[in-house]
1. Scan the range 74-81 and tell me whether some residue there is modelled with pLDDT under 95 and among the aliphatic types (A, V, I, L, M).
2. Considering each of N66, N44, N78 in turn, give the residue that is without any contact (Cβ under 8 Å) to a residue 40 or more places away in the chain, outside the structural domain of D128 (by TED's automatic domain parsing), out of contact with any Pro (no Cβ under 9 Å at 6 or more places or on another chain) and within 28 Å of G120 (Cα to Cα).
3. What residue, among those in the range 18-38 that are surrounded by fewer than 21 Cβ atoms within 10 Å (Cβ to Cβ) and either in contact with a helix residue (DSSP H, G or I) (Cβ under 6 Å, 6 or more places away or on another chain) or touching a residue at least 60 places away in the same chain (Cβ under 8 Å) (or both), is nearest to C8 (Cα to Cα)?
4. Quick test of your reading of the structure: L6 fulfils all but one of (1) aliphatic (A, V, I, L, M); (2) without any contact (Cβ under 8 Å) to a residue 24 or more places away in the chain; (3) under 18 Å from W98 (Cα atoms). Name the failing condition by number.
5. Which residue is surrounded by the fewest Cβ atoms within 10 Å (Cβ to Cβ), if the candidates are limited to the range 138-172 and must be assigned by TED's automatic domain parsing to the domain that holds V118 and of a type in the set (S, T, Y)?
6. Please enumerate the residues belonging to the range 65-86 that are within 16 Å of Y37 (Cα to Cα), in contact with a helix residue (DSSP H, G or I) (Cβ under 7 Å, 6 or more places away or on another chain) and crowded, with 17+ Cβ neighbours inside 10 Å.
7. Show the residue pairs that are 6+ apart or on different chains and have beta-carbon atoms under 6 Å apart, the first residue being within the range 96-108 and touching a residue at least 60 places away in the same chain (Cβ under 8 Å), the second being of a type outside the set (K, R) and assigned to a loop (DSSP other than H, G, I, E, B).
8. Going through the range 1-12 one residue at a time, which ones are under 15 Å from K63 (Cα atoms) and surrounded by fewer than 19 Cβ atoms within 10 Å (Cβ to Cβ)?
Amino acid sequence: MRKNSLICVGTIGRPKGLKGEFFLNSFCSPAENIIDYIENIIINDEELKLQYIKKNNSKFLSKIMNIDDLETIKGYTNTKLFISSDNLPILSLDEIYWHQLAGMLVFDINKDELLGKVSGLNNFGSTDCLIIDPTNDSIDNKERIIPFIRETFIKKIDQKKQIIEVNWQKDY
């Protein structure tokens, strides 16, 4: 059984028009996947439901049921949209969701040294990167940013042990 946790899949962007529509910022990859979760989106722990999500060129337009005016929807701008991890498709054994990497310990395979713990992921333009924060047991107190490139830097991910083995020496 999978742990029930919330995953941020997007945010409410700026309003569009006068009838409660807004631009929806999708964090899904590909972005269109957010449409698949319309029935499962949680907004501020409230019982609010999205009426629709429409693709409009490269953007998404959406509307919350029973919010039909500009002033009310303005109050929701930048609000995060969540789904339960239970609503995500089950992946094959060699795949992992980004949120599952958070909290994993990261070891350099060259010297078997603990570099730290994954605190998040970010994309700085060319590739996704792991953000590694030091722990009390880390080799030093440096924050590290390691490109998420399998085989080159990311050598192994062990979900059961919550460990990522990397080819990344402490002085990089």
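1. yes
2. Details: N66 fails: within 28 Å of G120 (Cα to Cα); N78 fails: without any contact (Cβ under 8 Å) to a residue 40 or more places away in the chain.
Unique residue meeting the criteria: N44.
3. Here is the first cut: in the range 18-38, the residues surrounded by fewer than 21 Cβ atoms within 10 Å (Cβ to Cβ) are 18-19, 23, 25, 27-33, 35-36, 38.
From what is left, the residues that are either in contact with a helix residue (DSSP H, G or I) (Cβ under 6 Å, 6 or more places away or on another chain) or touching a residue at least 60 places away in the same chain (Cβ under 8 Å) (or both) are 18, 28.
On the way: L18: 27, C28: 9 Å.
Across the range 18-38, the extreme among qualifying residues is C28.
4. Going through the list (1) aliphatic (A, V, I, L, M); (2) without any contact (Cβ under 8 Å) to a residue 24 or more places away in the chain; (3) under 18 Å from W98 (Cα atoms), L6 breaks only (2).
5. Of everything passing the filter in the range 138-172, T152 is surrounded by the fewest Cβ atoms within 10 Å (Cβ to Cβ).
6. Scanning the range 65-86 gives a single hit, I83.
7. Close Cβ pairs satisfying both conditions: M104/Q162; D108/W168; D108/Q169.
8. At the first step, the residues of the range 1-12 found to be under 15 Å from K63 (Cα atoms) are 10-12.
Once the filter is applied, which keeps residues that are under 15 Å from K63 (Cα atoms) and surrounded by fewer than 19 Cβ atoms within 10 Å (Cβ to Cβ), the range 1-12 yields only T11.
The values are calculated or read from the model by the stated rules, or taken from the named source; none is laboratory data. Only a predicted model underlies this, so the values are computations on that prediction, with no experimental measurement involved. All Cβ positions, even for glycine, are placed from backbone atoms using ideal geometry, and neighbour counts span all protein chains on display.
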